[in-house]
Structure formats: C-alpha cells, structure tokens
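Single-structure report; data block below.
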Amino acid sequence: MSDVLDLTCDLIRRRSLTPEDAGCLPLIGERLARAGFRIEQLRYGEVDNLWATHGRDNEPGSGPTLIFLGHTDVVPTGPESAWRSPPFEPTVRDGDYSCDRPDRGNQQAAIHGRTPHLYGRGAADMKGSVAAMVVALEQFAAAHPQHRGRVGLLLTSDEEGPTNLDGVRRVAEHFRAGGERIDWCVVGEPSSREKLGDLIRVGRRGSLSGTLAVHGVQGHVAYPEKALNPIHAFAPALAELAAERWDSGNADFPPTSFQVSNLHAGTGANNVIPGTLSALINFRYGTARTADELRARTEAILQRHGLDYTLDWNLSGEPFLTPPQGRLREAVVAICRELCDLDPEQSTGGGTSDGRFIAPLGAEVVELGPVNATIHKVDECVAVQDLERLPALYRSVCERLLG
Ligand SMILES: [Zn+2]
C-alpha cells in the first residue's frame with residue numbers, strides 16, 4: 001500500500017464529523033514534526049487548527065511563503081445503511097456503480113469505470129488531498145532541506161460547518177495581526193471534473209446574504225382596508241428583483257446571480273392577513289460589481305415599491321481572483337499540462353472555499369484537487385490512481401516555486 005493511500009485510510013477511520021477533528025490533526029502534526037516542520041496548534045473555541053512550517057523564519061528578505069490549505073472535517077454520511085461499505089471503514093474496490101447499482105445511473109458508471117477506488121467519507125473532500133499534501137511536503141523537505149523561503153500547511157477542522165467562525169477565518173485574523181506574509185496558497189478542494197487536473201479554480205465568487213422582513217398590518221381577510229398585506233406589497237418588488245440583470249459578468253466571472261432561498265408569511269389560518277413577511281436572499285457575484293452596489297440597488301427597488309422593511313446583510317466572502325500572470329497560477333497550469341497531460345480549465349465557478357480568507361492577505365490562491373463527482377454523497381470515493389498521483393503534483397508546486 002502506498003504512503004498516501006495508507007495515510008488517507010488512517011484519516012478516513014477517524015470520524016471527524018464537522019467540526020470534530022477526531023485526532024486527524026495530531027496524527028499529521030506528529031508526522032510533519034518528524035520531517036522537521038515547526039508545529040503550532042491554533043485552537044479557537046471548540047475548533048482545532050494546525051499550522052506547520054518549514055524553512056526560514058517569517059522575516060523581511062527571507063524569501064516567499066507557499067502554503068497548502070485543507071480541512072480534516074467531513075460532512076455527515078446520511079443513512080449509513082445506504083453505503084455499500086461503512087463510510088468510516090476505508091475500502092478499496094473497483095468502481096462498482098455500473099453493475100451493482102443500476103439506480104445510480106450510467107453517468108457515474110462512466111466516471112468511475114472499473115478501476116480501483118477508495119471509498120469512505122472524506123476520500124475526495126478532502127482527506128485524500130490532505131494526505132497527498134503531507135506526503136508531498138515530507139518528500140520536498142527531505143529532498144531540499146535548504147530550500148528558499150518557507151513552505152507551510154494550514155489545516156482546519158471547521159470548513160464544512162454552517163458558520164466556520166473558528167476555522168481559517170480566525171487563523172487569517174491571527175496571521176494579519178502577527179504580520180504573517182503569505183505569497184501563494186494551494187487549496188486541496190476537489191476541483192477536477194472528470195479527470196485529475198482537468199479543472200483548477202483560480203478565484204471564487206463572493207457571497208452576500210440578506211435577511212429581509214417586510215412589515216404590514218395584521219387583520220381579518222374580510223376587512224382588508226383595516227390591514228396591510230405584506231405579501232401583496234412585496235410581490236411586485238420580488239418580481240422586479242428576480243428579473244433584474246445585475247451585471248453581465250466579465251472575462252473572469254459569470255453574471256451575478258440573485259436567489260430567494262426562503263420565503264415565509266402567514267399564520268396558517270386562511271382568514272388572517274399576516275403582519276409580516278420574511279425572506280432570505282443571496283447574491284453570488286464576481287468582480288463586475290461590489291457588495292455595496294448590490295446592497296444599494298436592492299434597497300432602491302424595495303424603497304421604490306414603498307415597502308416598510310428591515311434588511312440585515314451578511315457578507316460571508318468577497319470575490320477573489322488570482323491573475324493569469326501570477327506565478328502560482330502559471331506553475332499549476334504547467335504542472336497539469338506536464339504531469340496530467342491536460343490543459344486545465346481555469347474556473348472561478350462553484351461555491352466558496354477557505355481560500356477566501358487567505359486571498360485578502362495578499363496571497364495568490366489556486367485550488368487543485370481530485371475529481372469531485374461524489375463529494376458529499378453516499379459512497380464518496382476517489383480513484384486510487386488519482387490519489388497516488390496527487391503528491392507529485394503538490395511536490396512539483398514546491399519545487400517550481402521554492403526549489
Ligand atoms: Zn472540502
């Protein structure tokens with residue numbers, strides 16, 4: 001069994017349901033300490049974070065810093081009986097969707113083929129990448145003990161949870177306060193679509209949420225003149241918001257999307273006009289607009305319709321983009337071409353990632369990881385062959401930038 005497969009299995013056996021770490025970080029910390037890394041445990045609230053570095057100290061003129069970023073926590077399994085093998089018992093077997101599970105359809109069979117896959121929660125998101133990073137860093141530090149600059153690994157056990165307040169967000173605040181400088185950051189999130197290295201992420205959209213309350217006057221449906229129905233008041237504003245074209249996107253990002261994710265009003269009785277309506281809204285936006293502009297335009301529409309409302313905004317992540325001429329982006333593209341024989345799509349799509357907390361420190365951020373076809377699903381898996389190629393990709397980033 002290869003080192004990276006072995007370590008991935010060890011990590012999968014630890015039931016690290018977010019935000020639990022279940023001993024993953026100490027296991028990794030001990031390995032990297034043996035490889036000569038300086039280890040810092042950063043615990044915030046109930047959350048463990050690990051910061052491991054190798055090379056010169058963070059002083060001016062000491063050379064650039066390259067870090068790898070990942071998480072050890074995993075999402076819940078769903079019903080364990082639906083898994084072909086228990087989610088926390090790593091199991092290698094041929095990709096088996098086609099024959100045994102006709103209900104899963106042929107699309108996944110095509111992706112998996114009949115090559116060996118490692119099954120288990122976190123195999124693809126992202127214990128496989130974390131193990132590959134550890135192996136790559138051990139190999140790099142052994143081969144280049146006097147490499148220039150610093151190489152580091154930042155891991156959190158709070159990425160998949162609903163708030164991730166005490167994960168990389170807090171670590172980034174700690175870094176900012178301490179004047180920590182990070183030049184390049186490789187995130188191990190599973191970026192690939194069908195083949196390892198066919199897609200890398202070079203930025204992410206921002207996410208802006210709003211909690212809206214439209215205030216009316218409760219009353220009897222038979223006496224509408226004595227009430228003010230917030231559903232009726234909001235409906236034309238909602239139609240306008242939904243039809244609004246916020247921007248046309250730009251070369252790097254698709255157009256801004258606006259969605260209402262929750263809408264509620266009413267008492268349950270059919271003879272009562274409700275007093276309030278509540279809605280949750282969300283924007284996913286690129287660099288064509290700022291969050292301030294989106295906020296102002298939303299409120300202008302609500303005001304134009306004469307609504308009495310309150311709206312609380314929450315900006316959970318600004319968009320970020322690593323420019324094409326950035327050295328990290330160039331290096332990762334070259335590595336995909338050379339080691340995977342693929343010209344990777346350079347995308348800013350998908351949801352947010354912890355890269356959003358590191359980018360504002362001035363770092364170039366690129367995401368490169370395994371195929372994401374099964375992440376968060378039942379029977380999550382990663383192709384063993386992909387897993388075993390991943391350390392070489394990460395080590396090559398180190399060698400190109402710091403070797
Ligand atoms: Zn993930």
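Here are some notes:
- Sequence-separation-based contact order of the stretch 247-403, relative, with Cα cut under 8 Å and 6+ spacing, percent: 19
- Whole-angstrom gap from the stretch 125-162 to the stretch 338-403, using each part's C-alpha centre: 12
- Cα-based Rg of the chain normalised by 2.2 N^0.38 Å, two decimals: 1.11
- Each peptide in 362-374, 340-352, 319-331 was scored by the mean count of other Cβ atoms within 10 Å over its residues; highest first, the order is 362-374, 319-331, 340-352.
- Mean Cα-pair separation over length for the stretch 206-317, i.e. relative contact order, pairs under 8 Å, 6 or more apart, %: 44
- Relative contact order [Cα under 8 Å, 6+ residues apart], the chain, whole percent: 25
- At full extension, residue 295 and residue 261 could sit 10.5 nm farther apart than now, given 0.36 nm per residue minus the alpha carbon distance.
- Under 20 Å from residue 195, Cα to Cα: lysines that are on another chain or at least 8 residues apart: 127, 377
Just so you know, all these numbers are worked out from the coordinates, no wet-lab data involved. Model, not experiment: these values are computed from the prediction. Glycine also receives a Cβ, built like all others from the backbone with ideal geometry; neighbour counts cover every protein chain displayed.
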